[in-house]
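Report on one structure; see the data block that follows.
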Amino acid sequence: MEEKNKKNRIEDFKIPSIDSSKWAIIQVLEIFLMKTSPKDAENLVESFAKKYEILLQENELENKMDLARFYRLITEFKPALASILKPGKEFDDMCDIAVINLMLL
């Protein structure tokens, strides 16, 4: 019975739109940075978006299925964020916010 429930949960998982999810993450980051670093927010968001896109495209050939693309969206967030924020409270807070938002998509 446990195996059947697990299988149903995986089958029932709806993968959100990858592009919409990516831009939702970027928008959340922009709001976060407007509160924490308003002077640099626009440049930081632009730098993040470019780095995130590069990281996502590096594995584009491997990511034919939406589930793989969504996984890559999650795993490449932190390296892209590290390109604009140093480790510390802001970095950790933004990672927490991103995880919560990805779970809600």
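What follows is calculated from the coordinates using simple rules that are stated; it is not laboratory data. Note that this is a predicted model, so its numbers are computed, not measured. Here the Cβ positions follow ideal geometry from the backbone for every residue, glycine too, while neighbour counts run over all protein chains shown.
Checking the Cα-Cα distances for 39/86; 35/86; 14/35; 50/86 against a 27 Å cut-off, the pairs over it are 14/35. Tally Lys and Arg at +1 and Asp and Glu at -1 over the other residues with C-beta under 9 Å from the C-beta of residue 33: what net charge comes out? That works out to -3. Take the Cα radius of gyration of region 21-104 and divide it by 2.2 N^0.38 Å, N being the number of residues; the result is 1.06.
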